[in-house]
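A.B. asks: Take a look at this one; I'll ask things after.
The values are calculated or read from the model by the stated rules, or taken from the named source; none is laboratory data. Since this is a predicted model, take the numbers as computed values, not measurements. Neighbour counts run over all protein chains shown; Cβ positions are idealised from the backbone, glycine included. With ligands, DNA and RNA removed, areas are computed over all heavy atoms of the protein, side chains included. Shrake-Rupley method; radii C 1.70, N 1.55, O 1.52, S 1.80 Å.
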Amino acid sequence: MFRRALRLGLGPGLPYRGLRTRKGGFTLDWDAKVSDFKKKVDSILPGKKYEVLYDTSHLPPEQADVVIIGGGILGLSVAFWLKKLESRRGAIRVLVVEQDHTYSRASSTGPSVGGIWQQFSVPENVQLSLFSINFLRNINEYLAVVDAPPVELQFNPSGCLLLASEKDAASLENNVKMQRQEGAKVCLMSPEQLQTKFPWINVEGVALASYGLEDEGWFDAWSLLQGLRRKVQSMGVFFCQGEVTRFITSSTPMKTPTGEHVVLRRINNVHVKMDKSLEYQPVECAVVINAAGAWSGKIAELAGVGKGLPGTLQGTKLPVEPRKRYVHLWHCPQGPGLETPLVADISGVYFRREGLGSNYLGGCSPTEEEEPDPTNLKVDHDFFQNKVWPHLVQRVPSFKTLEVQSAWAGYYDYNTFDQNGVVGPHPLVVNMYFATGFSGRGLQHAPGIGRAVAEIMLEGHFKTIDMSPFLFTRFYLGEKLQEYNIL
């Protein structure tokens, strides 16, 4: 009975309250403003007009209905859909807290090559991609702002090409059958057909390939992020640059139908430490959205998630951690050319064309044994030379003459359990919701994920896409939702 209740998730969405924010401010630059300070002190003397002594305009509001931790693509998408679906304009006060406004450490944009495809092994991921492509196709119907230029995503519909060896050919064929049932336009190609359409490919070792005929390719991730940020600001969303360091919670002990003792927690306040300062602001809130990407596991721990006996619901952690990934840019005039799709090789190496100047982007996820140190964003250039380039040349012989132009590193919000996302409420921290763990797919699925989180929060259930398999409770139940087609 308890396991069934966990699969069903929580009941109706939480009601929201009209809250207010404090105005006024604080400044640390006393030496530069001594005269101004004296004037303000003088103003509070008897007979003088009162002026506010402290300037707190840089602080977040003291109260918010929803605090979203993480201002990347996923957090912004949740903010957008909450405001889009609110019952009346201004009904929900939303605060987005982002530690890094340069987004240099963002999970969705840093290591992303901007790809979007429907060729997944889990039906819900196919549905998310189909929802996203419709959102992107009509981007300015969603994100237009009065007197602002339109969002230019620079979508390139060159398709995605997945290659499979003899060992994986049957799985690829079954996946394509499912993808077609979900509405994706994907075809299977034999090695001979592959060679005919893409004569620059060496088909050695390839038993079967799948190719997206429509609605697949890549787009400018940065443009989507900036477009979402601009739109939600126009909708009244508050932003704060800072770090969440503490939650103030209330707790209620209870006993499950199976006899397990658990503690229900509710977050009442979020402590936000201001950027480059010891100053912090407590924010009273009704709901917290954990969209902190690679650091969402640490945020969950702050709220008490996983702090219990191993094997219990109380002791089940959010299995999301930062994994460093490299993206390489190379130049090759003799390369495949303008007809190059996003290619995922049987070796795990992937690449696509970048622009019109014979440039290409690509990389490869390392094995568990080769995982690089995630404490920094330094690029190991030997990784490309030893692990990526040999496979590129084997599949595309003309890449033998390529010259690496640059490389960078970013973080995946890597779900170590099944490499799939976590969406929806936590069963014990009753007002914390998740939008994380997509292991490199958060960018392309952000529109659908954001809507799903908004729906379950406001309506109490998923409506557009049933994301129940993505609930946190699967970690406790040991029910993996394995996605095999990840880059």
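A.B. asks: Would you mind getting me the FRET efficiency between M178 and R89? Use the beta-carbon distance for r and R0 = 56 Å, nearest 0.05.
C.D. replies: The value I calculate is 0.85.
A.B. asks: Can you sort R441, R93 by 1.4 Å-probe accessible area, starting with the largest?
C.D. replies: These residues rank, largest area first, as R93, R441.
A.B. asks: Below 8 Å between Cα atoms, with a sequence gap of 6+, how large is the relative contact order for the chain in percent?
C.D. replies: 22 percent.
A.B. asks: At 0.36 nm per residue, and after removing the present C-alpha to C-alpha distance, how many nm does the segment from T312 to R137 gain when stretched out fully?
C.D. replies: 58.6 nm
A.B. asks: What is the sum of charges around Q181, taking Lys and Arg as +1, Asp and Glu as -1, for the other residues whose C-beta is under 15 Å from the C-beta of Q181?
C.D. replies: Result for the local shell: 0.
A.B. asks: Considering only the other residues whose Cβ falls under 14 Å of the Cβ of S223, what net charge follows from Lys and Arg at +1 and Asp and Glu at -1? Kindly include the intermediate steps, with their values, before the conclusion.
C.D. replies: Values: positive: R229, R230, K231; negative: E152, D220.
Surrounding charge for S223 is +1.
A.B. asks: For the pair H261 and L377, what calculated FRET efficiency results from E = 1/(1 + (r/R0)^6), where r is the Cβ-Cβ distance and R0 = 56 Å, to the nearest 0.05?
C.D. replies: With R0 = 56 Å, the Cβ-Cβ based efficiency is 0.85.
A.B. asks: Return one whole number: the accessible area per residue of the range 351-462 in Å², for a 1.4 Å probe.
C.D. replies: Here the residues of the range 351-462 average 35 Å² of exposed surface.
A.B. asks: With the full set of protein chains in place, find how many percent of the accessible area of the chain is carbon and sulfur; take the probe as 1.4 Å.
C.D. replies: Values: 11250 of 21860 Å².
Heavy-atom surface of the chain belonging to carbon and sulfur, 1.4 Å probe: 51 percent.
A.B. asks: Right, another one. Where does the charge balance sit around L309 when Lys and Arg score +1, Asp and Glu -1, over other residues with C-beta under 13 Å from its C-beta?
C.D. replies: Residues close to L309 contribute a combined charge of +1.
A.B. asks: Ok, one more. If r is the Cβ-Cβ distance from S234 to Q195 and R0 is 41 Å, what FRET efficiency results, to the nearest 0.05?
C.D. replies: After rounding to 0.05, the efficiency reads 0.20.
A.B. asks: OK, next. Could you list, bin by bin from short to long, the percent of Cα-Cα pairs of the chain in 20 Å steps?
C.D. replies: 22, 51, 22, 3, 0
A.B. asks: Taking 0.36 nm per intervening residue step and subtracting the Cα-Cα distance, what contour gain separates E369 from K400 on full extension?
C.D. replies: Extending this stretch completely gives an extra 8.4 nm.
A.B. asks: Another one. Which distance in nm do the two modelled labels at K298 and D100 give, with both placed 7 Å along the Cα-to-Cβ direction?
C.D. replies: Modelled inter-label distance: 1.1 nm.
A.B. asks: Angle between the Cα long axis of helix 123-137 and the longest principal axis of the chain, 0 to 90 degrees, nearest 10?
C.D. replies: The helix 123-137 is inclined about 80 degrees to the chain.
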